[in-house]
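Just so it is clear, none of the values below were taken in a lab; they were calculated from the coordinates. The model shown is predicted, which means the values in this text are computed figures rather than measured ones. Here the Cβ is made from the backbone with ideal geometry for all residues, glycine too, and neighbour counts use every protein chain on show.
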Amino acid sequence: MILNERIAVCPGSFDPITLGHLDIISRASSMFDKLIVVVMNNMNKSGCFSPEERKELIIKTTCGLHNVEVDIYDGLLAEYAKSKNACAIIKGLRAMSDFEYEFQMALTNKKLNPNVETLFLTTSSENMYLSSSMVKQIASMGGDISSFVPAEIHDDIIKRISSKKD
Ligand code: PNS
């Protein structure tokens, strides 16, 4: 362990990881000594990929980023950040519609763990309307998802979604 290492966590459902997520992860990884991408449970969403599958897909797409680790955690984000000694939680913001919910989560997490700051990175304009649910919907109807997901995992996603339909 490096002394005074600056660690951030980037939480999400990642069901599955998209180019929008990857953009946020790679930009955040250049701002910290270590970035832990953590697959978590969003109580408002039902998952398609298992947490282990999501983790594998993230590993496949981030293996070129030397300071990125990938983990799974089923609990409170504030507790996880504390256990990892993280100073920041990184979230991507797409449109203003994301803001109210993210703002509420950031304030709650600050209350639960005052030592961690939530930082928002604005998405790049080409990923503004991109979401995992859109990717799943397009793929399940046989559409082209190649401009929405990293090339390394394109076939894995198609295969998995087709197997769900059978
Ligand atoms: O990618 P998502 O679905 O927007 O990510 C939301 C996620 C998983 C980060 C959020 O639901 C979360 O933090 N879940 C863990 C449980 C938790 O800490 N809940 C309280 C947050 S205020």
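A few comments on the model shown:
- Test: T108 is out of contact with any strand residue (DSSP E or B) (no Cβ under 9 Å at 6 or more places or on another chain), within 16 Å of the ligand (Cβ to nearest atom) and farther than 16 Å from F14 by Cβ: yes
- The criterion of at least 3 residues that are within 14 Å of the ligand (Cβ to nearest atom) and crowded, with 18+ Cβ neighbours inside 10 Å is met, among strands (runs of 3 or more DSSP E) falling completely within the range 1-86, by 7-12, 34-39.
Yes/no per residue for (1) closer than 16 Å to C10 by Cα; (2) buried (at least 19 other Cβ atoms within 10 Å of the Cβ); (3) of a type in the set (D, E, K, R); (4) in contact (Cβ under 8 Å) with a residue 40 or more places away in the chain:
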residue	(1), (2), (3), (4)
L112	no, no, no, no
E117	yes, no, yes, no
T123	yes, yes, no, yes
M128	no, no, no, no
V135	no, yes, no, yes
I138	no, no, no, no
S147	no, no, no, yes
I157	no, yes, no, yes
S162	no, no, no, no
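- Matching residues, the range 114-155, being outside any loop (DSSP other than H, G, I, E, B) and farther than 20 Å from I25 by Cα: K136, Q137, I138, A139, S140, D155
- Within the range 87-97, the set of residues being among the hydrophobic types (A, V, I, L, M, F, W, C), loosely packed, with under 14 Cβ neighbours inside 10 Å and within 15 Å of the ligand (Cβ to nearest atom) comprises just one member, A95.
- In this structure, I36 does satisfy being within 11 Å of the chain's Cα centre (by Cα) and over 26 Å from K159 (Cβ atoms).
- Identity of the residue in the range 87-113, part of a loop (DSSP other than H, G, I, E, B) and not small (G, A, S), that ends up nearest to S26 (Cα to Cα): R94
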